[in-house]
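Shown next, in structure tokens, is the structure this report addresses.
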Amino acid sequence: MSRTATLKRATKETNVEVSLDLDGTGRARVATGVGFFDHMLTALAKHSLIDLDVQAVGDVGIDGHHTIEDVAITIGQALDQALGDRAGIARFGEASVPLDEALARCVIDISGRGGAWCTGEPDGMATVRIGGEGVPYAGSMTAHVMASLAENAKLTLHMTVLAGRDPHHIVEAQYKALARALRAAVAPDGRVAGVPSTKGSL
């Protein structure tokens with residue numbers, strides 16, 4: 001059974017199209033107009049083994065907030081659609097990922113209840129701007145991405161920064177931890193018969 005989805009989201013602020021394949025090889029084709037965010041989504045695909053195609057045009061002349069938020073919403077909705085009834089999945093995923101001095105831990109439950117809890121970012125992280133030429137990525141956006149994705153994918157997400165000094169390293173460790181936790185949670189488990197819940201649905 002194909003576990004794929006293609007979704008579009010159009011507002012007065014952005015126009016977003018996302019396609020993904022949960023059973024891919026980590027291929028990414030990403031263009032959002034926010035270079036560092038493209039880098040993070042490429043890492044997300046690579047380390048989750050989810051094929052990800054994201055094309056977005058937004059009001060980046062204001063800043064990257066609307067585009068980043070709407071892309072995260074659309075990826076979350078695509079994950080929800082591709083997971084279908086959740087039958088046969090592992091459901092839970094956990095990963096701790098380092099990037100030099102930075103260390104992030106992500107725990108996921110594909111629970112049917114959307115929510116994200118992000119803790120441990122160092123003081124001042126929210127006001128950092130990351131990126132070279134073009135539209136910067138605001139440090140405050142990582143927690144917002146996690147919340148938008150989790151709510152729309154209907155999953156429970158805990159992200160904890162355990163160590164880190166360099167903002168680039170911290171954010172990249174967070175996205176890679178998310179990727180590895182997602183990879184584990186969405187994986188088929190041959191011993192699971194039906195939906196992995198005592199309620200019979202997720």
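I'm trying to understand the selection: among the residues of segment 148-162, which are more than 13 Å from CYS106 (Cβ to Cβ) and either open to solvent by 40 Å² or more (accessible area, probe 1.4 Å) or hydroxyl-bearing (Ser, Thr, Tyr) (or both)?
Across segment 148-162, the qualifying residues are SER148, GLU151, LYS154.
Of all residues in segment 79-122, which are over 11 Å from ALA153 (Cβ atoms) and among the small types (Gly, Ala, Ser)?
Within segment 79-122, GLY84, ALA87, GLY88, ALA90, GLY93, ALA95, SER96, ALA102, ALA104, GLY120 qualify.
Can we say ALA82 is touching a Lys or Arg at 6+ places or on another chain (Cβ under 7 Å), buried (at least 20 other Cβ atoms within 10 Å of the Cβ) and closer than 30 Å to MET1 by Cβ?
yes
Which one of ALA138, ALA185 is open to solvent by less than 50 Å² (accessible area, probe 1.4 Å), out of contact with any helix residue (DSSP H, G or I) (no Cβ under 9 Å at 6 or more places or on another chain) and touching a residue at least 12 places away in the same chain (Cβ under 8 Å)?
Going through ALA138, ALA185 in turn, just one is open to solvent by less than 50 Å² (accessible area, probe 1.4 Å), out of contact with any helix residue (DSSP H, G or I) (no Cβ under 9 Å at 6 or more places or on another chain) and touching a residue at least 12 places away in the same chain (Cβ under 8 Å): ALA185.
Say whether the condition of being among the hydrophobic types (A, V, I, L, M, F, W, C), part of a strand (DSSP E or B) and under 12 Å from the mean Cα position of the chain (by Cα) is met by at least one residue in segment 45-53.
yes
Select from segment 109-135 the residues that are among the hydroxyl-bearing types (Ser, Thr, Tyr), open to solvent by 30 Å² or more (accessible area, probe 1.4 Å) and touching a strand residue (DSSP E or B) at 6+ places or on another chain (Cβ under 7 Å) and list them in ascending order.
The answer is THR119, and nothing else.
Against the definition (open to solvent by 10 Å² or more (accessible area, probe 1.4 Å), aliphatic (A, V, I, L, M) and part of a loop (DSSP other than H, G, I, E, B)), how does ALA56 come out, yes or no?
Criteria not met by ALA56.
ALA173 fails exactly one of the following numbered conditions: (1) more than 24 Å from HIS65 (Cβ to Cβ); (2) crowded, with 19+ Cβ neighbours inside 10 Å. What is the number of that condition?
(1)
Do you know which of the residues in segment 116-137 that are more than 26 Å from GLY58 (Cα to Cα) and among the small types (Gly, Ala, Ser) is modelled with the lowest pLDDT?
Only one residue tops the list, namely GLY124.
The values are calculated or read from the model by the stated rules, or taken from the named source; none is laboratory data. On a predicted model such as this, the values are computed, not experimentally measured, just so you know. Don't worry about glycine lacking a Cβ; one is built from the backbone with ideal geometry, like all the others, and counts go over all protein chains shown. Heavy atoms of the whole protein, side chains included, go into the accessibility calculation; ligands, DNA and RNA do not. Shrake-Rupley method; radii C 1.70, N 1.55, O 1.52, S 1.80 Å.
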